1. Using a probe of 1.4 angstrom, how much of the accessible area of the stretch 107-208 is carbon and sulfur, in percent?
2. Along the stretch 82-95, what does the Karplus equation 6.51 cos²θ - 1.76 cosθ + 1.60 (θ = phi - 60°) give for ³J(HN,Hα), rounded to whole Hz, x for Gly and Pro?
3. Cα centroid distance between the stretch 48-127 and the stretch 145-195, in Å?
4. ASP180 versus ASP103, label points 7 Å from Cα toward the beta carbon: distance in nm?
5. Looking at the stretch 94-206, what % of its DSSP beta bridges pair antiparallel, to the nearest 5?
6. Work out from phi, with θ = phi - 60° and the Karplus expression 6.51 cos²θ - 1.76 cosθ + 1.60, the ³J(HN,Hα) of each residue of the stretch 107-122, listed in order in whole Hz, and give x for Gly and Pro.
7. At R0 = 35 Å, how high is the FRET efficiency between ASP93 and PHE204 if r is their beta carbon distance? Nearest 0.05 is fine.
8. At 7 Å along the Cα-to-beta-carbon direction for both SER132 and SER67, put a label point, then send me their distance in nm to one decimal.
Amino acid sequence: SGSIPCLKRKLQLMLRASRLPGLTACLQGVLVSTGVLAAAQITIVNKDGPGEGFNDATAATPVGGNSGLTVGEQRLQVFRYAAEIWSSAVNSDVEIKVDSIFDPLTCTTSSAVLGSAGPVALYRDFSGAPLSLTYYSAAQANALAGVDLAPASADISATFNSEIGKTGCLQGWTWYYGLDGNKPGNAIDLLAVVLHEIGHGLGFQTFVNTS
């Protein structure tokens, strides 16, 4: 019962992206109580082309613990930081690869698709599957099987909106690339959104066909 407040606090800290000692202590307390040491290698794979997305060479000023000197570098640092946070919270002996890009996505002056992520593939009835006739995300299936079921493929695909703040796309708003959760009022915390979407890619979604 003592783990519930600790888990709640851990999630709050993750959403604020604070690397405080309390996060580590809280996480260790939960894991010790279950006898499981969470650890996974989550790798961000830059799939952007030259000059775009993670390779955008537009100069940027370091902000909120993000030392990147270009827009592309700051975006990549945010994604890698989110991967580190999730790496400490999930358990897998198989590397989890996340194909990641920034592209123009649907948006208007007042609304926009910020980003999305999901499993590249689903698997069922593999060796180690807890339930038959049940689908699991690639990352979870690999963890349960103990081997990479598709070693030539990434496990998660993530696409984020490169147009936020530009003409016709949430004008007046901008991405916040800091790692501290202290975004200004007219900014969208990229780290919080990336944490959320990677969660979907790891398997925090339903694959049930209700019909």
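1. Details: 2640 of 4780 Å².
After summing per-atom areas, the C and S share lands at 55 percent.
2. Values, residue by residue: 4, 5, 5, 4, 5, 4, 7, 10, 10, 10, 7, 8, 10, 4 Hz.
3. Cα centroid to Cα centroid, the span is 5 Å.
4. 3.5 nm
5. Working: 8 of 17 bridges.
Antiparallel bridges: around 45 percent, rounded to the nearest 5.
6. 6, 10, 5, 10, 8, 6, 7, 6, x, 7, 8, x, x, 6, 8, 10
7. On the way: r = 20 Å, r/R0 = 0.57.
Using R0 = 35 Å, I get an efficiency of 0.95.
8. 5.4 nm
The values are calculated or read from the model by the stated rules, or taken from the named source; none is laboratory data. In this text, all values refer to a predicted model and were calculated from it rather than measured experimentally. Cβ atoms come from the backbone with ideal geometry, glycine included; neighbour counts cover every protein chain shown. Each accessible area value is taken on the protein alone, full model and side chains, heavy atoms only, with ligands, DNA and RNA left out. Shrake-Rupley method; radii C 1.70, N 1.55, O 1.52, S 1.80 Å.
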